[in-house]
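Scroll down for the structure; my scribbles are underneath it.
The values are calculated or read from the model by the stated rules, or taken from the named source; none is laboratory data. This is a predicted model, so every value here is computed, not measured. Here the Cβ is made from the backbone with ideal geometry for all residues, glycine too, and neighbour counts use every protein chain on show.
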Amino acid sequence: MTLSLAGQTVAITGAARGIGLAIARSFLEAGADVLALDLDPAALADLQKEAPDRVRIHTVNVADLAALRQAVDDEQIDHVVCAAAIGSGKTGFPFWNLDPSDWARVLDVTLMGVVNTVHACVPALLKAETKRKSILILSSVAGQIGSQTDPPYSAAKAAVINFAQLAAKDFAPYGIRVNALSPGMVKTELNRAVFAASKEASTMSYEEWADEKIRRVSPLGRWQEASEFGAMAVFLASDHARNLTGQTLNVDGGQVMHS
């Protein structure tokens, strides 16, 4: 099976670190050019060094719609990946451990950042031939199971699944596909922040906490790797996925199973 995206361009938010970075590298391996959008200019510069002729970078906050529109203005965009997200940095159990004011920043970035990104990219996506174009929104298993770990994050991730579904319906007449991809347990900076905010952080190491949690929540009993999401993102952008739209795909070791 060939997954060549040569001659195509993907815009990726949150491209400088974690899953977003892994997705950017996978698109580069598939021959695509990358428009990398992130708040971290140093990490963006490091990514650009990996393929100077094929990576364009913009330091931008996805909560700023005007800045996003400026960043993508006049760009060729065939695919969009919305990977930027933040958590509250606090722990639920129960949700009223957080104050309602803890929700605003998470929703601004994790939900409205996705909405802003897609809005900003609409003109580019609708240009010229659209049949090969796609949008991928990173959600989370937390958005499907009412995870108590970080209530604002969970609610935002549930909302982006719904947004992906309605956007898929709106874009379908133009041949543009929209899907959501839900990671399960991945060792990223965000995951470490969840641990740091937990009560267990005072009694065990991150590795101990991680090993215990993955055995408890994942039927396969193993962590997912960021590269797995890069591979899935490339597949969903390819012609092999031409009939996939409005779907939420879980790469989670079986953590979420719908009967």
Members of region 42-89 that are part of a loop (DSSP other than H, G, I, E, B) and of a type in the set (Asp, Glu): Asp53, Asp64, Asp73, Asp74, Glu75, Asp78
When (1) part of a helix (DSSP H, G or I); (2) touching a residue at least 12 places away in the same chain (Cβ under 8 Å); (3) over 18 Å from Thr188 (Cβ atoms) are applied to Ser101, the one that fails is (2)
Selection within region 1-30 - polar (S, T, N, Q) and assigned to a loop (DSSP other than H, G, I, E, B): Thr2, Ser4, Gln8
Filter region 126-146 down to residues that are surrounded by fewer than 19 Cβ atoms within 10 Å (Cβ to Cβ) and farther than 25 Å from Gln76 by Cα and give me whichever is modelled with the highest pLDDT. Ile145
Out of Ser182, Ser154, which single residue is in contact with a Gly (Cβ under 8 Å, 6 or more places away or on another chain), in a strand (DSSP E or B) and not basic (Lys, Arg)? Ser182
Quick check: is even one residue across region 161-184 modelled with pLDDT of 95 or more, over 20 Å from Ile23 (Cα atoms) and surrounded by 22 or more Cβ atoms within 10 Å (Cβ to Cβ)? yes
